[in-house]
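Some notes on the structure that comes next.
Just so it is clear, none of the values below were taken in a lab; they were calculated from the coordinates. Predicted, not measured: the structure shown is a model, and the values here were computed from it. FYI the Cβ positions are ideal-geometry reconstructions off the backbone, even for glycines, and counts take in every protein chain you see.
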Amino acid sequence: MTMSPEEKQTREELAACYRLAALHKFTDLIYTHITARVPGEDGHFLINPYGWRWEEITASSLVKIDVDGNKVDGSPQRVNPAGFTIHSAVHMNRHDAAWIMHTHTRAGVAVSCMEEGLLPLNQISLQFAGRIGYHDFEGIALDLEERERIVEDLGDHPVLMLRNHGLIATGRSAAEMFNNMFYLERACEIQIAATSSGQPLRLVSEEIAARVQKQYVQMNEEDGDLELEWQAHLRSIEGVGADFRA
């Protein structure tokens, strides 16, 4: 396959995201997707071949599609255009959302069913203070008209909770997107554990929540923690085989 060095790197990092998501049990068999914008190719994106388990994804198996989910690279693999509805909405309207991940995890869906949404319970959840949007459930996301409402509800937030459905995380890079989903999922897991304890909950004040959120921004963007974390993630799958690069 002839491609630019930038596309090759994007393919390898996207394949890594699929393997990492499988490692951390963020998968829903063959459903949901992680997508990435192809550098230097306006309106082209990479997506998983439909029907493959996320543990099987490799860089070369990823399929290049347009904004309508149509294949543009001659790949023999199937794609799920309906599954790209949510992703295309965000990709087309948020230039910074070059990477998008959508999940149906047990904890994520459980919290999406709670009226209060994500609660300010601990320092992990506080990195999303004022940085999470909510979109009401409208049925299976097949209606193209719903894309406008998804974009509106996401706003300029990095993550979106699809009520009664699941989670979406975006990022300017693979590292940023995976960081957002990893900790959003962890925050949901902690919330389920805390609310299941039967004990009174102690919520963090808005003032402290805002302070902690700014501290996370400094650590990730100014102190370089985000890149260190991404390299640590990559090492975790290098240890079980690097065939995702193939």
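What the table below lists for this structure:
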{"item": "Rg to Rh quotient for the chain, alpha carbon positions, Kirkwood Rh", "result": "0.96"}
{"item": "Charge dipole (debye, nearest 20) of region 5-245; +1 at Cβ of Lys and Arg, -1 at Cβ of Asp and Glu", "result": "620 debye"}
{"item": "C-alpha long axis of helix 206-217 to longest principal axis of the chain, angle in °", "result": "30 degrees"}
{"item": "Förster radius 35 Å - calculated FRET efficiency between residue 8 and residue 55 (Cβ-Cβ, nearest 0.05)", "result": "0.95"}
{"item": "Sequence of 165, 95, 102, 24 once ranked by neighbouring C-beta atoms within 10 Å, starting from the fewest", "result": "95, 24, 165, 102"}
{"item": "Distant alpha-carbon pairs in region 37-163 (separation over 23 angstrom), percent", "result": "38 percent"}
{"item": "Two-site FRET efficiency, residue 30 against residue 93, from Cβ-Cβ distance with R₀ of 25 Å, rounded to 0.05", "result": "0.40"}
{"item": "The chain - mean residue ellipticity at 222 nm from DSSP helices (-39,500 (n - 2.57) per run, n ≥ 4, rounded to 500)", "result": "-12500 deg cm²/dmol"}
{"item": "Among 101, 92, 161: highest mean-square fluctuation, GNM of the chain, C-alpha pairs under 10 Å", "result": "92"}
{"item": "Where labels lie 7 Å past Cα in the beta-carbon direction, separation of residue 164 and residue 70 in nm", "result": "3.4 nm"}
{"item": "Where the Cα pairs of region 1-46 fall when distances are cut into 10 Å bins, in %", "result": "26, 46, 25, 3"}
